[in-house]
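First comes the structure, then the notes that go with it.
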Amino acid sequence: MSRALITGGVGFLGSHLCDRLIEEGHEVVCLDNLSTGRIDNVAHLGGHDAFRFIKQDVTEYLYIDGPLDYVLHFASPASPVDYQRLPIQTLKVGSLGTHKALGLAKAKGARFLLASTSEVYGDPLIHPQREEYWGNVNPIGPRGMYDEAKRFAEAMTMAYHRYHGLDTRIARIFNTYGPRMRPNDGRVVSNFINQALRDEPLTVYGDGLQTRSFCYVSDLVEGLYRLLMSDEVNPVNVGNPNEFTVIELAHMVLKSIGGQSAGSTALTTGIEICPLPLDDPRVRQPDIGLARAKLGWEPKVQIAEGLVLTIEYFRKQLEGSS
Ligand code: NAD
Ligand code: UDP
């Protein structure tokens, strides 16, 4: 049986990865400081022989008993609301935390996977984004603490690969959604669904014509697992190339919730136009040619289906909290 450490393991993506690795027969050590993740996300794994949780900050010295075959570094605030609320922690977890996680992987002879992001492309000047593109990032803008931390993390990962011969993988993850997101994480999918469920207007920033490409979490986890098991050292985009404007997303959420609720109240909640945040990327779409060729992977879940599953999750969460 092989053994994996997942930093940020109680977060949205980390917790789904814990499930997937356990399903595949790996033992999982989940390390998290609970800053943006919820322990509820892994409550179902409590008591499982193959699962262990350690509450720790990954920027501090890491001591893990026993062997490790994989280190998956997912710890980091991930939504604009979270990383702007925790700017120094974001820079520290991307830099010091990545250094500690790489050092641990080296000491254990483990393969290392970095959760990087489409934000390394910044407000992109080429479209769709291919891995060769170096990006257009404002280092001192409101997204700088996240974008530059992840760019540093990629550089550090490649340095460990080249200098120490560490076996490394880099996933450039594009916008992902699904169950276990926090209702208040500020991400557009969580906001729109929770606003519609509470019968509030959907807050569209700017003209709503900026685009994103949304990947359902089960597809993303499949792509990440294949990348982990592959021999691809260079960064690989993992995301769904189906691109929508934010306004289109708002209408899809309203339609989906309206179609599901008896009174169709959500359909009348409407849309509220709010200011566009500084440096908000105008477009974003992954070119997944590399993932298709090297991992034999592409997403399968269409947005309509993924939204229904996510709405169902948030509806239950709201019912549970009322
Ligand atoms: P999340 O906030 O749900 O999970 C992050 C987890 O990391 C949380 O459980 C948090 O408590 C933990 N954490 C943060 N700082 C820590 C520290 N110093 N020590 C230990 N634990 C710490 O976010 P997520 O969406 O699951 O994102 C996971 C990773 O994937 C992040 O690295 C993020 O940058 C990356 N990513 C996510 C997306 C997406 O759409 N979800 C897109 C691109 C990249
Ligand atoms: N957005 C929006 N309303 C919201 C939250 C976000 O219009 O309530 C927009 C935001 O300006 C951005 C897009 O939705 O253009 C995606 O935002 P998110 O915070 O989910 O992540 P990003 O891709 O910007 O990191």
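Where a number appears in this text, it was derived from the coordinates with a stated rule and is not lab data. No experiment lies behind these values; they were computed from the predicted model shown. Methodologically, a virtual Cβ is constructed for each residue, glycine included, from the backbone with ideal geometry; neighbour enumeration extends over all protein chains shown.
Tabulated data for the structure shown
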quantity	calculated
The stretch 28-116, relative contact order [Cα under 8 Å, separation at least 6], %	34 percent
Helix-derived mean residue ellipticity, 222 nm - over the chain, DSSP H n ≥ 4, -39500 (n - 2.57), to 500	-11500 deg cm²/dmol
By average C-beta atoms within 10 angstrom, highest first, the peptides 307-320, 20-33	20-33, 307-320
Rg and Dmax of the chain, Cα atoms only, in Å	19.1, 62
Net charge contributed by nearby residues that have their C-beta within less than 12 Å of S79 (K/R +1, D/E -1)	+1
Viscosity 1.567 mPa s, 4 °C: Kirkwood-radius Stokes-Einstein D of the stretch 65-142 over Cα pairs, µm²/s	90 µm²/s
Distant-in-sequence amide H partners of L113 (H built 1.01 Å from N, under 5 Å)	V71, L72, H73, R169
Full-extension gain in nm, I140 to Y61, via 0.36 nm per residue minus C-alpha separation	25.6 nm
The stretch 191-322: relative contact order in percent, alpha carbon pairs under 8 Å with at least 6 residues between	40 percent
With Cα atoms, 0 to 90° folded angle of helix 98-108 axis to the chain main axis	40 degrees
By average C-beta atoms within 10 angstrom, highest first, the peptides 35-46, 55-66	35-46, 55-66
Longest to shortest principal axis, alpha-carbon extents of the stretch 152-223, angstrom	54, 26, 19
For T203, residues with placed amide H under 5 Å, excluding near neighbours	E272
Pair D167, A50: separation of 7 Å Cα→Cβ label points (nm)	1.9 nm
Distance (nanometres) between label positions extended 7 Å along Cα→Cβ at D199 and Q84	3.0 nm
Rg ratio (alpha-carbon, reference 2.2 N^0.38 Å) - the stretch 117-170	1.23
Loop sites in the stretch 72-136: chymotrypsin sites (Phe, Trp or Tyr not before Pro), DSSP, at most 15 other Cβ within 10 Å	W134
Whole-angstrom gap from the stretch 6-28 to the stretch 33-94, using each part's C-alpha centre	11 Å
Inverse of mean 1/r across different Cα pairs in the stretch 207-322, Kirkwood, Å	16.4 Å
Angle between the chain longest axis and helix 144-164 axis [Cα atoms, degrees, rounded to 10]	30 degrees
